[in-house]
Structure formats: structure tokens, C-alpha cells
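Notes for the one structure printed next.
Just so it is clear, none of the values below were taken in a lab; they were calculated from the coordinates. Model, not experiment: these values are computed from the prediction. Virtual Cβ from ideal backbone geometry, glycine too; neighbours counted across all protein chains shown.
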Amino acid sequence: MKWLTISLVVISFQTMIMAEGDNDKVGSSAFKFLNIQTDAHGAALGGLAAQASGANALFWNPAGIAGSEGIGFSGGMTQWLVETTVMNAGVVMPMMGGTVGLSLVSVDYGDIMKSGWAGTTEFVFEPNQGSFTATDMSLQASYGKSLSDKFSLGATAKMISQNIDDVSISGLAFDIGTQFNTGYRGISMGAVVSNFGPDVDSQAPEDASYEEFPGMSLPMTFSFGVVGEAIPGLNAGLNVLKQADMAQEFIFNGEYSVADIASLRFSYNISNPQEPMSFGVGLGMAGVTANVAITTTQYFDNVMRFGIGYAL
């Protein structure tokens, strides 16, 4: 009951996020790349708050790394929208009475056309004045610990940075998550509050007032998941996702395992028509895993994700 009470306290953070409204932070959140789902396994299921484990949990719920019995590695690539590439890698190792993890998320937006006003006397807008680059990065350190055979707790600290042409900003963000295994029909629950921390300096001009250029808030997110065995071989679940600058989302998912070697995955987001469905396939043997996921979009090309992993 003590650990369940702690879980409910974490879950109660959702109330604070929900109280802010669905859209009151639209356009005022920095480091939105932190909301991109980078792991192919979890993306196919619309999230892994409840069942994240091993090195994959570094990108979903730090409580999930607590059950790691040896060194684990996870890496992947996401072909995001508009020729944007997202890379992620992480490693976990049991130590310090729990499990420690280190991970990296890197975003490359490619070359972007530079536009602006030309001349000093005749103001002419020129759409092509060369190009510039933009990148994002998050360096993350995590710690997870099993407090009982059914309950685990984890936290992540992130050093985040964003570079656009010759301008850069940086900051700190944190995640805290829990997982609870009920012990009944494989039902597990998980909750994560991620990307919370102090506001980030907006890099306003020196002669501007703070009111004109306020600091940017982090894209704080709450996610909750529950999953269980629907029929032998098939796990089904529900994920609830609430980003500070977006409406709440409900995602139903299912994963069917074939001889503990292959997995077929599917999820449907009933609240977000821009990214309604995801599909995925996973293969695992001798500690090595490979995952592929496809997320459909309404106005852009489908998003492709690839991932590999290894656990001793």
C-alpha cells in the first residue's frame, strides 16, 4: 500500500497539467523535440509507460530500467517529418543498488533555406539567401530501483540544447516515473511526468523587455499506461498522453507474440487525427532485438522508425 500510495501521488501530477487547459501553452514551449517518440518498439504501441523495460525504458519510463539484470543497449533512428532525422542510443547497467542508465537523443533538421530583408534603403524580401542548419540534443542520466517485487521508481536528468544557425539555448529537464505490476493476468500500470524544469531564457535582444520576450517553458508531459494479457499471446492496453500544449490523447494498443521470437504491434490514437495509427514488427533471439515501426500521418509522409537492442 505504501508503494501504491506513491504511485497515486505521481499520477496526481496529471491534475496540475490538466488544470492548465489544453492549449494555453501553444507556441510557448521550447525543446519540442523532447515530445518526439524515438524508440520503434514503443512508438508502434503508442507509448510504453506501463511495460517499458531494459535500455528501451530510458526513452519512455525510467522506472522500467530497474529490472535490468545485466548490461543492456538500445539504439535507433527515426525518419521524422520534412527530412528531419532523429537518432537515439542508450545503455543501462545494474549498480548503486539499482540500475543506472545513460542515453542520448540527437535531432538533425538538415539544411534550411535562409530568407530575409535585403538592402538598407530598399526593403526587398529575398526568399533564398543561402542556408543554415538546426540541431537539437539531449544528454540524459537515469536511475531506477525496484522497491518491491511489484513496484519500481525511476528518475532522469537531462541536459538539453538547441542550435539554430548561430543562436543556441540550453537548459535542464527532469523525468520521474513509476511502474506497478498487479500480479494478476499480467496487468501492469505505469505513470511518467516528463520534461519538467525551470523556464529557458528565450535569448531576447538586450534592449528588449522581459514582457516582450518571456522565457520559454519546457514541454512538460504526463503519460499513463495500463496493459494486460487479453488472450494467450496477446497483450492489450491503453495509453493516456497529455502534453502541456496539446489536447489529451487516448491510444489503444495490442501486441501479439509468436513463439517469443516475433511480435506484431498495433496502436490507434482516437484523439489525434494527424497521427492516427502505428504498426510495428519486432524480432528477438539470443538477447538481440530488432524493431521497425510505421506511424501514419494525415498531411505528411509516414514516419519510419528502426531500432536495435542487446541485453546480456
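Remarks
- Among 161-174, 229-242, the order from most to least packed when residues are scored by Cβ within 10 Å on average: 229-242, 161-174
- For a modelled paramagnetic label at Leu81, 7 Å from Cα along Cα-to-Cβ, the residues of the range 226-270 in reach, with backbone nitrogen under 19 Å, are 241-251, 268-270.
- Here the extension length gained between Asp199 and Phe279 equals 25.2 nm, from 0.36 nm per residue of separation less the Cα-Cα distance.
- Pairwise FRET efficiency - Gln129 versus Asp108, Cβ, R0 = 22 Å, nearest 0.05: 0.55
- Fully extending the segment from Asn302 to Glu69 would add 80.3 nm, taking 0.36 nm per residue of separation and subtracting the current Cα-Cα distance.
- Ascending count of other beta-carbon atoms within 10 Å, so fewest first, for Tyr310, Tyr109: Tyr310, Tyr109
- Put in order of Cβ neighbour count within 10 Å, fewest first, the listed residues Phe151, Phe306, Phe222 become Phe306, Phe151, Phe222.
- Annotation for Ala262 and Val288: the two label points, set 7 Å from Cα along the Cα-Cβ direction, are 1.8 nm apart.
- Burial ordering of Lys158, Lys114, Lys145, fewest other beta-carbon atoms within 10 Å first: Lys114, Lys145, Lys158
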